[in-house]
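Please read the structure below before turning to the comments.
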Amino acid sequence: MVDYSDNPRPRGRGDYAKRRAARAAARSEEEWHTYARNLCYRLLGAQERSAHQLREAMARNLVPDEIAQATLQAFLEANLVNDERFAEMYVRSKFTGKVTTRRVLTQELRAKGVEWEEAERALAQISEDDELEAAVAFAVKKAAAMAGLEEDKKRRRIYGALGRRGFSPEHIRRAIEAALD
């Protein structure tokens with residue numbers, strides 16, 4: 001077994017912050033521009049992001065404000081960052097991927113920095129009927145998984161599950177009726 005107790009350079013959380021700050025202070029302006037650009041490319045390569053998310057990532061990585069703004073502006077002008085496109089893709093993937101509602105998606109988009117109007121346009125993809133259909137499908141699936149339980153207990157559990165996902169009481173009532181009646 002290796003004994004690290006004599007290590008002259010113990011590495012803790014504070015040491016990392018100091019090393020990171022020292023690297024940041026040593027960067028030239030050109031290196032900062034390259035670093036900010038590469039950071040944005042890396043983040044966008046993984047998935048679509050909002051301008052707000054990129055701005056926050058650059059702030060976390062200690063990119064100076066004026067360089068972060070210039071980099072973000074260049075990405076916006078090149079249409080590599082587009083909040084409306086991000087919102088549409090986000091809504092489409094989240095609604096088909098999990099059972100959720102427009103209200104919940106609106107809150108998530110606002111937390112990601114998408115403007116109200118852009119979020120509303122993206123959410124226009126989902127109709128009331130789509131939400132109701134998703135609630136019914138979820139309730140049917142949930143009811144089938146609770147085959148041995150009493151009717152009352154099923155109703156409570158389905159109601160709670162749909163309520164936590166943001167469905168309106170009317171949609172919940174109609175979904176439970178479709179699943180249990």
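The values are calculated or read from the model by the stated rules, or taken from the named source; none is laboratory data. Given the structure is predicted, the values throughout are model-derived calculations rather than measurements. Cβ: placed from backbone, ideal geometry, glycine included. Neighbour counts: every protein chain shown. Just so you know, the surface numbers come from the protein's heavy atoms only, side chains and all, with ligands and any DNA or RNA stripped out. Shrake-Rupley method; radii C 1.70, N 1.55, O 1.52, S 1.80 Å.
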### Task
Filter the range 138-159 for residues that are assigned to a helix (DSSP H, G or I) and either charged (D, E, K, R) or touching a residue at least 40 places away in the same chain (Cβ under 8 Å) (or both) and give the result.
Ala139, Lys141, Lys142, Glu151, Asp152, Lys153, Lys154, Arg155, Arg156, Arg157
### Query
Is it true that some residue in the range 121-137 is open to solvent by less than 20 Å² (accessible area, probe 1.4 Å), out of contact with any strand residue (DSSP E or B) (no Cβ under 9 Å at 6 or more places or on another chain), part of a helix (DSSP H, G or I) and more than 30 Å from Glu56 (Cα to Cα)?
yes
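Residues of the range 60-69 being in a helix (DSSP H, G or I) and either on the phi > 0 side of the Ramachandran plot or open to solvent by 70 Å² or more (accessible area, probe 1.4 Å) (or both), which ones?
Arg60, Asp65, Glu66, Gln69
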### Scan of the range 62-73 for residues that are in contact (Cβ under 8 Å) with a residue 12 or more places away in the chain and farther than 18 Å from Lys112 by Cα, ordered by number
Leu62, Val63, Pro64, Ile67, Ala70, Thr71
### Summary
In the range 149-168, residues that are open to solvent by less than 80 Å² (accessible area, probe 1.4 Å), farther than 22 Å from Arg103 by Cβ and of a type outside the set (Lys, Arg) total 1
## Note on the structure
Note on the range 169-179: residues touching a residue at least 40 places away in the same chain (Cβ under 8 Å), surrounded by fewer than 17 Cβ atoms within 10 Å (Cβ to Cβ) and more than 9 Å from Ala135 (Cα to Cα) are Ala178
#### Entry: Subset of the range 169-181 (residues that are β-branched (Val, Ile, Thr) and within 15 Å of Thr100 (Cα to Cα))
Ile172
### Message
Between Arg37, Arg19, which is closer than 15 Å to Val63 by Cβ and modelled with pLDDT of 80 or more?
### Response
Arg37
### Query
Are any residues in the range 70-93 assigned to a loop (DSSP other than H, G, I, E, B) and either open to solvent by less than 30 Å² (accessible area, probe 1.4 Å) or within 21 Å of Arg20 (Cα to Cα) (or both), and if so, which ones?
Val81
#### Entry: From Ala36, Ala25, Ala57, residue being hydrophobic (A, V, I, L, M, F, W, C), open to solvent by 40 Å² or more (accessible area, probe 1.4 Å), assigned to a helix (DSSP H, G or I) and more than 30 Å from Leu162 (Cα to Cα)
Ala25
## Note on the structure
Picked from the range 44-53 (must be more than 15 Å from Ala78 (Cβ to Cβ) and assigned to a helix (DSSP H, G or I)), the residue least open to solvent (accessible area, probe 1.4 Å) is Gln53
